[in-house]
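First the structure, in the form of structure tokens, and then the observations on it.
The values are calculated or read from the model by the stated rules, or taken from the named source; none is laboratory data. Remember, it's a predicted structure, so these values are computed and weren't measured experimentally. With ideal geometry, Cβ positions are generated from the backbone for all residues, glycine too; neighbour counts draw on all protein chains shown. We work out accessible area using only protein heavy atoms, side chains counted, and drop any ligands, DNA or RNA first. Shrake-Rupley method; radii C 1.70, N 1.55, O 1.52, S 1.80 Å.
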Amino acid sequence: MNRFGVKSSEPCDKSMETIPPNTLDAIKSIIIQAGEYAMQQPVHIAYQLKADRSPFTQVELMMEEMIISFLQTEFPDHQVISEEKGISAGDNRYRWFLDPIDGTKMYLIGAPTWGISLGLLVEGKPTLGFFYLPKSRDLFWGGPGYGAFWNEIPLNPNLSPEPDNPLVFFGVPSNFHRRYEISFPRVRVLGSTAIHLAYVASGVAIGALARRVHLWDLAGMLPVLSQTGVKVEFLSGDSFSPHDYLDGSQLPDA
């Protein structure tokens, strides 16, 4: 048996292998532990600015260390790609993409709309993903062979929100107004790409636009979106394939 509970002698579609329930629980547990660690830190913590002027903190580095150490123990042959630490050694057919805090600015100002994004791509295909919101203790997770869940509640596949519903919104980045025009009447800026995608998956948002993102921003939710009938494409209309950005490079278009 390998880590996916599949006998290595049996031919199989690697993208459809499933992780055993006890290992799934362990993954959820380490993500929750990392979230608890982040919430235990002082309200006003020091941060530094990266070259693109986005902030990062020592808290994120510690969270990365916690989660990466777990993944390397559970899946020693897998590669891990994270926002701060880059690419680890391993079998590049199996890639975990980690963003320890998606929505760092929200975390730094004490807002609740930040979370931990972790996704597994097998041979370039979104296979299993998690996005955890520590403040509300909401976990979105799933993928092919698992389904899609908000905590333990299954998400309705192919759910189409009514555009006239006053609660339905369109999720956008904070500088959206400087670059785009939109006629949809209800736009929300929650400060996290993954949370916008989570609300699209759950049918609360009618759509979302993500700009200047990498796979670690998307990988936690891409497997979930695949199970809820949500289409992911470039704003230009071109098709989107995660396989083209497995090196962690920035996506060229919104």
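Key figures for this structure:
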| item | result |
| --- | --- |
| Residue selected from the range 130-177 under the condition within 25 Å of Gln33 (Cβ to Cβ) and of a type in the set (Asp, Glu), by the criterion most open to solvent (accessible area, probe 1.4 Å) | Glu152 |
| Top-ranked residue of the range 177-204 - restricted to ones that are of a type in the set (A, V, I, L, M, F, W, C) and at pLDDT below 95, ranked as nearest to Asp138 (Cα to Cα) | Val204 |
| Of all residues making up the range 181-191, the number that are open to solvent by 50 Å² or more (accessible area, probe 1.4 Å) and touching a residue at least 40 places away in the same chain (Cβ under 8 Å) | 0 |
| Boolean, Thr23 is out of contact with any Gly (no Cβ under 6 Å at 6 or more places or on another chain), exposed (fewer than 12 other Cβ atoms within 10 Å of the Cβ) and among the β-branched types (Val, Ile, Thr) | no |
| Cβ-Cβ under 8 Å pairs, at least 6 apart or on other chains, the range 63-80 side farther than 20 Å from Asp102 by Cα, far side of a type in the set (A, V, I, L, M, F, W, C) and assigned to a helix (DSSP H, G or I) | Glu74/Ala26; Glu74/Ile27; His78/Leu71 |
| Number of the condition not met by Glu152 [criteria: (1) closer than 21 Å to Asp25 by Cβ; (2) modelled with pLDDT of 95 or more; (3) not small (Gly, Ala, Ser)] | (2) |
| Options Phe149, Phe70, Phe131: the member that is of a type in the set (A, V, I, L, M, F, W, C) and closer than 22 Å to Ser241 by Cβ | Phe131 |
| Residue check, Phe4 at pLDDT below 70 and touching a Ser or Thr at 6+ places or on another chain (Cβ under 7 Å) | yes |
| Count - residues of the range 52-92 that are within 19 Å of Ile31 (Cα to Cα), among the charged types (D, E, K, R) and open to solvent by 40 Å² or more (accessible area, probe 1.4 Å) | 5 |
| Hey, Leu61 modelled with pLDDT under 95, part of a helix (DSSP H, G or I) and of a type in the set (A, V, I, L, M) or not | yes |
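Residues are listed down the side, and each one gets a yes or a no for (1) out of contact with any Phe, Trp or Tyr (no Cβ under 8 Å at 6 or more places or on another chain); (2) of a type in the set (Val, Ile, Thr); (3) within 22 Å of Thr113 (Cα to Cα):
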position: Phe170; (1), (2), (3): no, no, yes
position: Asn175; (1), (2), (3): yes, no, yes
position: Ile182; (1), (2), (3): no, yes, no
position: Val189; (1), (2), (3): no, yes, yes
position: Val204; (1), (2), (3): no, yes, yes
position: His214; (1), (2), (3): no, no, yes
position: Asp238; (1), (2), (3): yes, no, no
